[in-house]
Every structure is written in structure tokens, then in C-alpha cells.
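These notes concern the structure reproduced below.
The values are calculated or read from the model by the stated rules, or taken from the named source; none is laboratory data. The shown structure was predicted, so the numbers you read here are calculated from the model rather than taken from an experiment. Cβ sites come from the backbone with ideal geometry, for glycine too, and all protein chains shown count toward neighbours. We work out accessible area using only protein heavy atoms, side chains counted, and drop any ligands, DNA or RNA first. Shrake-Rupley method; radii C 1.70, N 1.55, O 1.52, S 1.80 Å.
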Amino acid sequence: MDSLMAELTLEEKVAQLGSVWVQTDEPGNVAPLQDLFMAGGALEERLRYGLGHLTRVYGTAPVSPAEGAARLRSLQERVVAANRLGIPAIAHEECLTGFATYGATAYPTPLAWAATFDPGLIERLAGAIGADLRAAGVHQGLSPVLDVVRDYRWGRVEETLGEDPYLAGQLGAAYVRGLERAGIIATLKHFAGYAASRAARNHAPVSIGPRELADVVLPPFETALREGGARSVMNSYTDLDGVPVGASADLLRRLLREEWGFEGTVVADYWAIPFLASMHGVAEDDADAGAVAMRAGIDVELPETVGYGEHLVAHVRAGRVDEALVDESVRRVLHQKIELGLLDTAPDAPGDDLELDSARNRALAAAVAERSIVLLSNPADTLPLDPATTAGIAVIGPCAGDPRSLLGCYAFPNHVLDRYPEHGMGLPVPSIGEALAAEFPGADLRHAIGADVMGDDASGIAAAAALAAESDLVLLFVGDRAGLFGGGTSGEGCDAADLRLPGLQPDLVEAVLAAGTPVVLVVVSGRPYALGAYKDRVAAAVQAFLPGVEGGAAVAGVLSGRVNPSGRLPVQIPASPAINPSTYLQPPLGRRADGITVLDPTPAFAFGHGLSYAEVAYTALVTDRAQCPTDGTVEARVTVRNVGDRPCEEVVQLYASDPVAQVARPAIQLIGFARVALAPGETREVAFDVPADAFSYTGVDLRRIVEPGTITLAAGPSADEPLLRAVIRLTGETITLGPARRLTTSTRLLEG
């Protein structure tokens, strides 16, 4: 490394911190304000000193896998030939719901991953995504999103792992392990605070206290770095209390590197460096923005070199930026290129025989979809449907016949192909309606859209209501159509003013309910919508969080009973669309307060909620000790029994409450979970080894502490239904935790 660094000129070093996005004349943007910043000029001139990253060679236009591989090989050859030392570039792609390219499997959204509560499955999913990326010659994936949901109206809720930092951290670390073990650099985003924007607006400022930042926003990143091994972090677009993250040495250098010991690369979110001038006003122009970003700690500028390059060279020569900072960043980039084998005599190149929608991928997509679907209510046991009595079923709603409604905004058919209608979906994606026909081959299924997801055409609602009235049962499919920057109802830049179902779908639901026929309401969405008005009026309710290419079959399987639902809510389902939504992590003042306010934030369905077609009884919660030192571990054992007549999988959830502390604490907070398979009549015991660090929080002096006092443990099927309780007492001195704090509650399954 030292000899290579000594060989590089300043221009060559700075070139390793830049990127190039080679595009044709694709219509529309796949990144914010993309059309304003795209660089021009001859490619060889832009490459002559070398290059850090090649941006989205596969993921910007509908090129086949073979065409993408040939394009990447050609570009790498040009990169190598253009620079004096022949150093290739790192190729990065989006992989939020799988490899975001034409013909690749579009998996369920991360919010659906979170609904599985299954880290092992998500690690296998990431391993498959990583293997496809690696086979295609890609080196870095821009995933996972570890933003903790703070307001459900935010358009990117579908990209997150939910509203609980422990759940997000565990699943995020699992995804990172899978991607990294496949040889792909995982990129944590968006560090940090992005999802806490004012009024849930994309790119809006964030007003957040240091305690909320430390206790809610940061833990998933810390877990994914320490226990997942992520080698890259992407900065958030937002500002925190007026300081843009891209200009914050406190976050990017002190916290990330000095306190957490991170040694990988910090990459800029797309255009985040010029945004320091144009959006934040903390730099005079693009050139000044490059200096601000380098001093703050951004190593690599993506997706194009705007603020770095010649501007950064000039800053160093003028003494405005210390060359030592540049050298640190270059060493990190070159170290990763060495790890990736890019400096070998003959680095690996992608082949032409790429299979990006394999049977393995489809099986994983189906498994995640099936485990993610949440049965919200089923008061009269309407579900599962009996195949022998499925005559006269009305299939109504815009999400029944549109396969795009199954996919997230970063799935290629919605991300890119909506601008290329001649290419269709790019891969087989059966709709829910098609899946129902296959699931119930003898059923009399009658279809009506009623109303579109978007728009104000009410002309089909009356016909849909009439069909409902003459049917024996209604399957009503409503929800989202994901897109970008207003091109959908969910996704990046598709923030919502409130939590009503989009468009005229509330009118459609009311008209269908008024028909008097039993209704099974199925919401296929990227965010939770308010269902309080329908909760007690439907025969059953099901939630699917954009379940991917196999999602139609998974939904149909849950309705038929072929799949026993086992998904659990990673976000609450609100009752009211108008009350400013809040997540379950609330102190007593954030919960229902009769006599103080008439506004009730109680959700329609709680965090962690989810039913199955078997009844599970929680019969015991015991701890191995009544007292635990503040630096110790307590074992909590939860016993569950399947008292139903069919196999099921129960997600056993362990929560903690700290009733007396230095600061107001959440009334209840998840500290552990385990997915348990139960045969009919079977009893299993789950052992949770809970470190006292799980009860830590940021105290009045902003240090993370564990203090003596009483802790209540609660076990049950959701945050609102902790059926069992146990009390322990933490003893000893108040201790201050450092970066080596224990982040995970380990679990063991025992026989009952």
C-alpha cells in the first residue's frame, strides 16, 4: 500500500475518490435532481487520472444481463487503459429488493423482511443477492436501509426495517452478513436521521434531540457494523439541528471512526456533496462543497465527480484541505480494491451467462413473502377459505390485477421500466388475481377494479359495489403502487399528507362494505395505512408489505390456508389517518391520556401483532435470578404451546420496561425475539440470554448508562399483548457503557 501511495500523484489520488455515471439518453430521473448534475465531456478525459467508482452500469436502463456484463467489461477496460497505473474501478449497484437490473428477481421490500422477524432467512436472501451481484462483476451494493421509521407518512417507509431499533439492527446485521460473505461491500444507509424529517417530507430538516438520536436512530447502524461487518456507510441527505450530515465531522469522524472504530469507506449519497451548496447553503458552490465534505469525512463522491476531482486538487494545493485527509480516504478505497482483487494481475470479469432470476431466487422470494404476510384480524374464522365453498367470490380493487403493486420503488420494473412501457415487467410477475385463479381453480371469481390506486375517476365504484352485493364473499385488494418522486403512492419522494388509503380507495372500501357482503380486506402497501374505520366491519384483514415477484402466490396461499400466516407487524397499523402518527416507542406521555387530551394515538393493530390459523398459548415466563448486576446477564425462559390443530410458527417477543429512570423511557421496548415452529399440541421453551446492556439508555449527561433499579420483563405476541410478566432488580453501581457494549439478546430453543 505504501509503495502504491508513493507512486500516485495528487491528481491520481483524488481521482480514486470520484465516480462516473455513464448514461445514454434515458428519460426521467432515478436519483433526485439527476438531470441537473450529470457531467459531460469525453469519457477518456474524465478517466485519465483513474477512477474510484463506476455507477450503476446495469441499473439505469433496460439492458439484458449479457448486455450489462459486456458494458461493464468494456468500461473497466477503458478505466484501466486510461489511467497510468491501470487501476480498475469499484462497480456499485442498488440492491434494496434484489439486484436492481433488468430481468433480476425483485424480492419483497425490506419492510416485508422485517415482518418475518427471521434474521436467518434474511441472511440467506442477502447471500443470494450478493452471489448474483458478484457473478455480474459488481463489487458494492447500496443496501441495507437502516433508518428507523419515525413517521409513517414518509415515502421511504417501504425501504426500512420498521420502527424498532433492535429489530432493524438484528435484521440489518443479518442482511449485511449475507452480502459481505458473498464478497460484496454492504453500504449502510442513510447515516443518520433521514427518516425523522419534519412532516415526513423527503430531504427535509430533522429536529431531533441527542438522546433520541443515540437511543433510537443510531443503534441499527452500530449493530450492522459490529455484528454484520459492513465495509461502507452512506451519509444522509438531511441536516440534524441545522448541521448537514455530509458536513458533520462529529458524526462521520468522531462517532463513526473514533468512537465506533469504523475503518471502511464513507460514500456520499447521490449528489449529497453539491447539495451542501445548493440545498443546505453551508458551502458557496460545488467546489467549496467538496472541501467541506472532505473535511467532514466523506471518502468517495457518488454518483458523479462534481465537488471532488479538480476542485479538491486545487483546495489541497491552496492549503484549504490537508492532503493527509485525502491520503486517508485514498488508502481506504485502495484497501477495498485490494480486498476485492481488483489490483490482481487479472481481476475477475463478469461472464455472459448470467441467470439473475433463478429457481433458487424464486424459492427465497416465495419464502420471504409467505413469512411476511400478516393476518391482522379474523374474528369469525372466515379465513382460511374452504376450496369447496368458494362460489360467488368478488375480487375487487386495484391491487388485484396489477403486478406492479407487489413491488417496491427500487424494484427494477417500478424503478426504471415504468419509463419503458415497451419492455413490460422484464420478468414474470403473476398478479394476485392470477394467483387466486391458480389457487382456487374451481372457484367462480368475478373481477372489478372499482378505483385506481391514484387518480380521481370514481366511475367504477358503483359497479364494484353492485358486484359485491350479488356475491357471497368479497376479496378487496387495496394499497399502493410504488414509484419515484411522485410517480407512485409509496417510495422515494412519494410522501403522504395523511394515512388514508391513496386516491379514491377509501370511497371504494366504504361502498363495498355498504353492500352487506362479508369482506376480506387485503392491504398491499409500502406503509401502514389507517384501518381504524374498517377494523370492526370486515370479516378478516390481511397486510402485505409489497411482497415481491412471488407475492401474489403468497397472498393467495394465506387466503386458502396453504400458508399458515406467521408475519408480525414491524410498524403499527394506525387507527386514525389524521392524528399525527407516532411509533410504539413512547413514554407514558406519548400514549393515550384520558382527561389530558381527546386525541388518542392508540393504533388499530400494535407493533408485533399478527395472527395465525392455530392458537398459541403463553404459559410461563421465568428468570434464572431475581437480581442481576448492572454488568451481568439474566436468562428469561418463555414457554409456549400450540393448542390448535395445525402446525404454526410463533414469533415469541420479549419486551422490557424501566418504570423509574433519569429520563422518560418508552413504556415498553423490544429486547429479544425468536421464531418458533410448533406442531399441534407441541410445547417449546425459548431461552433469552439478556445482557444488562439491553436496559441501557442515554442519561441526563448524554452518556449511555445501566443503572440499578427495577426492570419489568414481558413476553407475548405483540407490544400490546404482553401476556406474561417477570420483575428483576438490577444491582450494583451505575456503569457507563463504551463501544464494546453488548448489542444482542441471544436465544435458544428448548423442548417444553
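Exactly one residue among Pro581, Pro570, Pro565, Pro574 is touching a Phe, Trp or Tyr at 6+ places or on another chain (Cβ under 8 Å), at pLDDT below 95 and buried (at least 19 other Cβ atoms within 10 Å of the Cβ), and that residue is Pro581.
Pairing each residue of the stretch 444-458 that is charged (D, E, K, R) with any residue that is loosely packed, with under 14 Cβ neighbours inside 10 Å and in a loop (DSSP other than H, G, I, E, B), provided the two are 6+ apart or on different chains, yields C-beta distances under 7 Å for Asp444/Ala391. Screening Asp693 with (1) at pLDDT 95 or above; (2) crowded, with 16+ Cβ neighbours inside 10 Å; (3) in a loop (DSSP other than H, G, I, E, B) gives one miss only, at (3). Inspect the stretch 296-307 for any residue being in a helix (DSSP H, G or I) and in contact (Cβ under 8 Å) with a residue 40 or more places away in the chain and give the result as yes or no. Yes, some residue in the stretch 296-307 is in a helix (DSSP H, G or I) and in contact (Cβ under 8 Å) with a residue 40 or more places away in the chain.
Among the residues of the stretch 237-270, those that are in a strand (DSSP E or B) and in contact with a helix residue (DSSP H, G or I) (Cβ under 9 Å, 6 or more places away or on another chain) comprise Asp239, Leu240, Val243, Pro244, Thr265, Val266. A single entry from Leu75, Leu125 fulfils the requirement of being among the aliphatic types (A, V, I, L, M) and more than 29 Å from Asp286 (Cα to Cα): Leu125. Taking first residues from the stretch 329-354 that are over 14 Å from Val300 (Cβ atoms) and free of Cβ contacts under 8 Å to residues at least 24 places away in the same chain and partners that are of a type outside the set (S, T, N, Q) and open to solvent by less than 60 Å² (accessible area, probe 1.4 Å), the Cβ contacts under 6 Å between residues at least 6 apart in sequence or on separate chains come to Gly341/Pro347. Taking first residues from the stretch 80-100 that are in contact (Cβ under 8 Å) with a residue 12 or more places away in the chain and partners that are basic (Lys, Arg) and open to solvent by 10 Å² or more (accessible area, probe 1.4 Å), the Cβ contacts under 7 Å between residues at least 6 apart in sequence or on separate chains come to Ala82/Arg48; Asn83/Arg48. Considering only the stretch 335-343, I want to know if a residue exists there that is open to solvent by 40 Å² or more (accessible area, probe 1.4 Å) and assigned to a loop (DSSP other than H, G, I, E, B). Looking through the stretch 335-343, at least one residue is open to solvent by 40 Å² or more (accessible area, probe 1.4 Å) and assigned to a loop (DSSP other than H, G, I, E, B).
The condition of being open to solvent by less than 10 Å² (accessible area, probe 1.4 Å), within 27 Å of the chain's Cα centre (by Cα) and farther than 25 Å from Val538 by Cβ holds for only one of Val429, Val416, that being Val416. Among the residues of the stretch 344-394, which ones are of a type in the set (Ser, Thr, Tyr) and part of a helix (DSSP H, G or I)? Hits for the stretch 344-394 are Ser372, Thr389. Restricting attention to the stretch 530-548 and to residues that are free of Cβ contacts under 8 Å to residues at least 60 places away in the same chain and not charged (D, E, K, R), the residue that is most open to solvent (accessible area, probe 1.4 Å) turns out to be Ala533. When we screen Phe262, Phe191 for residues that are open to solvent by 10 Å² or more (accessible area, probe 1.4 Å) and touching a strand residue (DSSP E or B) at 6+ places or on another chain (Cβ under 9 Å), the only hit is Phe262.
Exactly one residue among Val321, Val282, Val292 is in a loop (DSSP other than H, G, I, E, B), of a type in the set (A, V, I, L, M) and open to solvent by 20 Å² or more (accessible area, probe 1.4 Å), and that residue is Val282.
Apart from one condition, Cys628 fits all of (1) under 28 Å from the mean Cα position of the chain (by Cα); (2) part of a strand (DSSP E or B); (3) not polar (S, T, N, Q); the exception is (1). Looking across Val316, Val321, one residue alone is without any contact (Cβ under 8 Å) to a residue 60 or more places away in the chain and more than 30 Å from the chain's Cα centre (by Cα). It is Val321.
Taking the stretch 171-189 as the range and being over 12 Å from the mean Cα position of the chain (by Cα), not aliphatic (A, V, I, L, M) and not in a loop (DSSP other than H, G, I, E, B) as the test, the residues that pass are Arg177, Gly178, Glu180, Arg181, Thr187. Out of contact with any Asp or Glu (no Cβ under 6 Å at 6 or more places or on another chain), under 18 Å from Asp631 (Cα atoms) and of a type in the set (Lys, Arg): does that describe Arg684? Against the criterion (out of contact with any Asp or Glu (no Cβ under 6 Å at 6 or more places or on another chain), under 18 Å from Asp631 (Cα atoms) and of a type in the set (Lys, Arg)), Arg684 does not qualify.
Starting from residues that are in contact (Cβ under 8 Å) with a residue 40 or more places away in the chain, open to solvent by 10 Å² or more (accessible area, probe 1.4 Å) and touching an Asp or Glu at 6+ places or on another chain (Cβ under 9 Å), keep the ones in the stretch 198-209 and report whichever is nearest to Glu94 (Cα to Cα). Once the filter is applied, the top-ranked residue is Asn202.
The sole residue among Gly732, Gly699, Gly738 that is on the phi > 0 side of the Ramachandran plot and surrounded by fewer than 21 Cβ atoms within 10 Å (Cβ to Cβ) is Gly732. Filtering the stretch 105-121 down to residues that are over 19 Å from Arg156 (Cα atoms) and in a loop (DSSP other than H, G, I, E, B), which residue is most open to solvent (accessible area, probe 1.4 Å)? For the stretch 105-121, the residue satisfying everything is Asp118.
Any residue at all in the stretch 358-376 that's out of contact with any Ser or Thr (no Cβ under 9 Å at 6 or more places or on another chain) and at pLDDT below 95? No: zero hits. For the stretch 107-128, indicate whether the set of residues that are under 25 Å from Glu301 (Cα atoms) and of a type in the set (Asp, Glu) is non-empty. Within the stretch 107-128, none of the residues are under 25 Å from Glu301 (Cα atoms) and of a type in the set (Asp, Glu). Per the listing Ser372, Ser358, the residue uniquely closer than 16 Å to Ala482 by Cβ, touching a residue at least 60 places away in the same chain (Cβ under 8 Å), within 26 Å of the chain's Cα centre (by Cα) and open to solvent by less than 40 Å² (accessible area, probe 1.4 Å) is Ser372.
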